[in-house]
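Beneath this line is the structure, given in C-alpha cells, with notes to follow.
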Amino acid sequence: MRTSRAFAVTAAACAAVALAAPTAAATNGPSNVTVNPYSVHQGSTMQVSAAGCGHGGMVTSNAFPQAHLSAGATGYATARIKHNATPGHYNLAVKCSDNSMVSTHQFTVLAGRGAQGGLGGSVGPSDTEMLAGAGLVATAALGGSLFIARRRRLNGAGI
C-alpha cells in the first residue's frame with residue numbers, strides 16, 4: 001500500500017510539472033529593449049536587442065524598414081537607417097511573434113554619413129604614386145650599381 005501511495009504522489013508531481021511547463025514557456029512580451037549605438041548616421045546600421053520574445057518578432061520604425069528579431073531569450077535585429085531619414089529623434093517598436101504586447105525605445109538619427117570604412121586594400125595607387133615609386137626604385141638601382149662599380153675599381157687597383 002505504501003508503494004501505491006508513493007507512486008500516486010510521484011505521478012501527481014510529474015503531472016504538475018508537465019502542466020506548468022507551457023506556462024513557463026509563455027512570454028510576457030518584449031522587455032529590456034536596447035539600441036547600439038543610440039545615435040546613428042543616415043545610411044548606417046544599428047543593433048536592436050530585446051528580451052522576452054522567445055519565438056522572435058519584428059522591429060519597426062519610420063527611420064528604417066521592418067527588421068526581424070531573432071528567437072531566443074534575448075532576440076537581436078540589425079536595422080539599416082534610411083539614407084533619406086530626417087535627422088532627429090525617432091521611436092522604434094518591438095513586437096513579439098507570440099504576443100500582442102509592444103515595447104518602444106527612442107534613438108537619434110544624425111545628419112550625414114558615417115565613416116566609409118572597409119575600403120582598405122581595394123583602392124589601387126594613383127598615377128602620381130606609381131611615378132613616384134618608379135622614380136625611387138630607379139634611383140636606388142642607379143645608386144646601387146654606381147656603388148658596386150666603384151668598389152670593383154678600388155679592389156682592382158690594389159692588386
Q.
Condition first: at pLDDT below 85, under 18 Å from the mean Cα position of the chain (by Cα) and open to solvent by less than 80 Å² (accessible area, probe 1.4 Å). Can you find one or more residues in region 102-115 that meet it?
A. yes
Q | Odd one out for Tyr76 among (1) assigned to a strand (DSSP E or B); (2) more than 17 Å from the chain's Cα centre (by Cα) | A | (2)
Q: Six or more apart or on different chains, Cβ under 6 Å: which pairs go from a residue in region 34-50 that's without any contact (Cβ under 8 Å) to a residue 24 or more places away in the chain and more than 13 Å from Gln106 (Cβ to Cβ) to one that's open to solvent by 20 Å² or more (accessible area, probe 1.4 Å) and in a strand (DSSP E or B)? Could you list them?
A: Asn36/Gln47
Q: Among what's in region 69-100 and is closer than 15 Å to Pro30 by Cα and out of contact with any strand residue (DSSP E or B) (no Cβ under 6 Å at 6 or more places or on another chain), pick the residue that is surrounded by the fewest Cβ atoms within 10 Å (Cβ to Cβ).
A: Ser100
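The values are calculated or read from the model by the stated rules, or taken from the named source; none is laboratory data. Everything numeric in this text was worked out from a predicted model, so none of it was measured. Ideal geometry is used to build each Cβ from the backbone, glycine not excepted, and the neighbour counts take in all protein chains shown. Only protein heavy atoms, including side chains, enter the accessible area calculation; ligands, DNA and RNA are left aside. Shrake-Rupley method; radii C 1.70, N 1.55, O 1.52, S 1.80 Å.
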